[in-house]
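> Once you've had a glance at the structure underneath, I'll fire off some questions.
The values are calculated or read from the model by the stated rules, or taken from the named source; none is laboratory data. In this text, all values refer to a predicted model and were calculated from it rather than measured experimentally. Cβ: placed from backbone, ideal geometry, glycine included. Neighbour counts: every protein chain shown. Ligands, DNA and RNA are stripped out before the accessible areas are found, and what is left, the full protein with its side chains, is counted by its heavy atoms. Shrake-Rupley method; radii C 1.70, N 1.55, O 1.52, S 1.80 Å.
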Amino acid sequence: LRMVAAASYITMMDPVNAFAPLNVAIGEGHITIRGVRLNFDELVDERQLLPDNALPLRENIGKAEPFAHLLLKNLFHDRLLELIHDEFDMRQEERWKSHSNAYEDTRRSTPGSRLGPAAQLYFWLVNSWPVTQFLSTATGIDNLIPDPLLVGGGMHETRNAGHFSIHRDFEVHEKTGLSNAMVFITYLNKDWAPSYQGSLELWDHERQLCVKKVSPDFGVSLLMPHGPNSYHGYSTPLNIPVGRTRRSVASYYYTHQRDTSGRAASTASKFLFTARSDVAKGVIKEFIPPIVWNAFKKLRR
């Protein structure tokens, strides 16, 4: 992991590279971001990634209720996560994509857009071979493929009164068609009070009630393999103090295995509580050729 971090930033610090991050310096065994020095061997708690730790976790993940998931704490250095938290305020508005509708009021970094140096370092780490191999060993899902574009992932933020209704994540990557295997989320919120709402709700297989809540506390990482019953979200609008938001960073992992059931795979999240009119649109869309559907949408604009 030290080599991953160093090699990545040496490449990015090339003076002819127009995308070289500002306020970053590489030293012997460390990196300094905006005046904060981070030792490479302290960025990740590599003890948690050892195979002897990963294998026992596989049984825990399988027994987790209401569906497979795993919580990890303090996997990443606090100062790295604090730097990432600050970079939310530094991003230009055009590098955010807002999602505002009846089911969701959130925003995410645009896929493939330039990230701040701390956030980019985080994603280089979680998409590296040691972390990817750990996730594969812990879940039993072989040949995981990270996504450098961070489609659906990246930096996630929800502001006051925002929400994300109960849903199951998308099934395939919208660009590559690869199958969604899991998502890995790290939360960045210090002193998060229950009254703020925003805890991630994990719903039962019958989709009737919330079985478990995961508070989006600073330094907590959540691994969720994708499955037919992995419904989650936070539907109660946030009630947070002025100046605060709910922040996290997320990375999806994929496999090349495709659904053999004959059912068309979805590239969008599937919400549990959907308006009848939207259900009808979805049914109609399945039977109308894409070219006709797109023409219809243009006529309505």
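> Restricting attention to the stretch 126-146, does a residue exist that is aromatic (F, W, Y) and open to solvent by less than 20 Å² (accessible area, probe 1.4 Å)? Give the derivation first.
Taking the stretch 126-146 and keeping what is aromatic (F, W, Y), we get 129, 134.
Subset that is open to solvent by less than 20 Å² (accessible area, probe 1.4 Å): 134.
Within the stretch 126-146 (the criterion being aromatic (F, W, Y) and open to solvent by less than 20 Å² (accessible area, probe 1.4 Å)), the answer is yes, since at least one residue qualifies.
> Follow-up question, since we're still on this one. Return yes or no: is D89 modelled with pLDDT of 95 or more, farther than 14 Å from S221 by Cβ and exposed (fewer than 14 other Cβ atoms within 10 Å of the Cβ)? It would help to see each step written out before you state the result.
Details: modelled with pLDDT of 95 or more: yes; farther than 14 Å from S221 by Cβ: yes; exposed (fewer than 14 other Cβ atoms within 10 Å of the Cβ): yes.
Against the criterion (modelled with pLDDT of 95 or more, farther than 14 Å from S221 by Cβ and exposed (fewer than 14 other Cβ atoms within 10 Å of the Cβ)), D89 qualifies.
> Considering only the stretch 49-67, state which residues are assigned to a helix (DSSP H, G or I) and either open to solvent by 40 Å² or more (accessible area, probe 1.4 Å) or more than 21 Å from F123 (Cα to Cα) (or both).
Taking the stretch 49-67 as the starting set, the residues that turn out to be assigned to a helix (DSSP H, G or I) are 49, 51-63.
Across the stretch 49-67, the qualifying residues are P51, D52, N53, L55, P56, L57, R58, E59, N60, I61, G62, K63.
> Within the set of pairs 6 or more residues apart or between chains, which connect a residue that is more than 25 Å from A118 (Cβ to Cβ) inside the stretch 137-156 to a residue that is open to solvent by 20 Å² or more (accessible area, probe 1.4 Å) and among the β-branched types (V, I, T) with Cβ atoms less than 9 Å apart?
none
> Which one is least open to solvent (accessible area, probe 1.4 Å) among residues in the stretch 209-218 that are touching a Ser or Thr at 6+ places or on another chain (Cβ under 8 Å) and in a strand (DSSP E or B)? Before you say what the answer is, go through the steps one by one.
First, pick out the residues of the stretch 209-218 that are touching a Ser or Thr at 6+ places or on another chain (Cβ under 8 Å): 213-216.
Then drop every residue that is not in a strand (DSSP E or B), which leaves 213-214.
On the way: K213: 130, V214: 6 Å².
Of everything passing the filter in the stretch 209-218, V214 is least open to solvent (accessible area, probe 1.4 Å).
> Within the stretch 219-237, how many residues are of a type outside the set (V, I, T), open to solvent by 10 Å² or more (accessible area, probe 1.4 Å) and assigned to a loop (DSSP other than H, G, I, E, B)?
6
> When only residues in the stretch 68-103 that are part of a loop (DSSP other than H, G, I, E, B) and not hydrophobic (A, V, I, L, M, F, W, C) count, which is nearest to N229 (Cα to Cα)?
We begin by selecting, within the stretch 68-103, every residue part of a loop (DSSP other than H, G, I, E, B); these are 68-69, 74-75, 77, 88-92, 101-103.
Still in the running and not hydrophobic (A, V, I, L, M, F, W, C): 69, 74, 77, 89, 91-92, 101, 103.
Values: H69: 12, N74: 28, H77: 33, D89: 35, R91: 35, Q92: 36, N101: 23, Y103: 18 Å.
Looking at the filtered set, the residue picked out is H69.
> Tally the residues that are surrounded by 15 or more Cβ atoms within 10 Å (Cβ to Cβ) and either touching a Ser or Thr at 6+ places or on another chain (Cβ under 7 Å) or at pLDDT 95 or above (or both), restricting the search to the stretch 239-271.
The total comes to 14.
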